[in-house]
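What follows is calculated from the coordinates using simple rules that are stated; it is not laboratory data. What you are looking at is a predicted structure, and each value in this text was computed from that prediction instead of being measured. Note that we place each Cβ from the backbone using ideal geometry, even for glycine, and neighbour counts take in every protein chain shown.
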């Protein structure tokens, strides 16, 4: 089973409301990435209590409704609408299983593939609906800085605000919230329009 370029929930792609694109490092996956937009498995996502998707929902819920916001609340809203303003992609064009200990050596070999990969993400029609890009987990490695530069350049070119945060893990919540705070107005706009749709 391959891994799509971008993941969305339900009917998101056809709804037309504004979106937040979150970009992580790579999928924890041992298979090829395709050039497609995939639909999240809602049943599987509903049962998740941790991971990047759940952390994203928790962190954006905190921005939208305050400190008591959580993924359970936001997931229910989105499942009821069979869509979500949060979509997911990755900065690196190759999945690396969680159990691999030396991910950095694999990532270094991807440098030449990153520009084309980032261009593929930002060439999708759904990107026209994106009003904020949140890039999480970028570090000081050369390959990570290369990916960040290309993502920032595409955001600048398309007029999309760019936010960098710590890796989406709820243990990083304070730092993530500090980064997202500068984009609170953008996040509120996205969620207000989503809830009115």
Among 171, 16, 137, residue whose mean-square fluctuation peaks in a GNM of the chain (springs only between Cα atoms under 10 Å): 171
Estimated distance in nm for a label pair at residue 2 and residue 141, the labels positioned 7 Å out from Cα along Cα-to-Cβ: 2.5
Per-residue Cβ neighbour rank within 10 angstrom, fewest leading, 176, 65, 121: 65, 121, 176
Folded to 0 to 90 degrees: helix 71-81 orientation relative to the chain principal axis, Cα: 70
Which label in (i) 64, 34, 33; (ii) 44, 35, 34; (iii) 46, 39, 30 gives the computed Cα extents along the principal axes in Å: (ii)
Helix 142-158 vs. the chain, principal-axis angle (Cα, 0 to 90°, nearest 10): 50
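Once every DSSP H run of n ≥ 4 in the chain is given -39500 (n - 2.57) and the sum is divided by its residues, what mean residue ellipticity at 222 nm do you get, rounded to the nearest 500 deg cm²/dmol? All intermediate terms of the calculation are to be shown ahead of the outcome.
On the way: 9 runs with 89 residues, N = 197.
When only DSSP H runs of four or more count, the value is -13000 deg cm²/dmol.
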Segment 6-196: relative contact order in percent, alpha carbon pairs under 8 Å with at least 6 residues between: 32
Estimated inter-spin distance, residue 158 and residue 128, nm [label 7 Å along Cα→Cβ]: 1.2
Residue among 55, 34, 165 with the largest mean-square fluctuation in a Gaussian network model of the chain, springs linking Cα atoms under 10 Å: 34
Beta bridges per DSSP with both ends in segment 6-196, % antiparallel, nearest 5: 5
On Cα atoms only, tilt of 52-65 relative to the major axis of the chain in degrees: 40
Distance (nanometres) between label positions extended 7 Å along Cα→Cβ at residue 173 and residue 104: 3.0
Hypothetical label at residue 113: residues of segment 147-177 whose amide nitrogen lies under 11 Å (7 Å Cα-Cβ projection): none
Most fluctuating residue given options 168, 79, 17, as computed from a GNM of the chain linking Cα atoms under 10 Å: 79
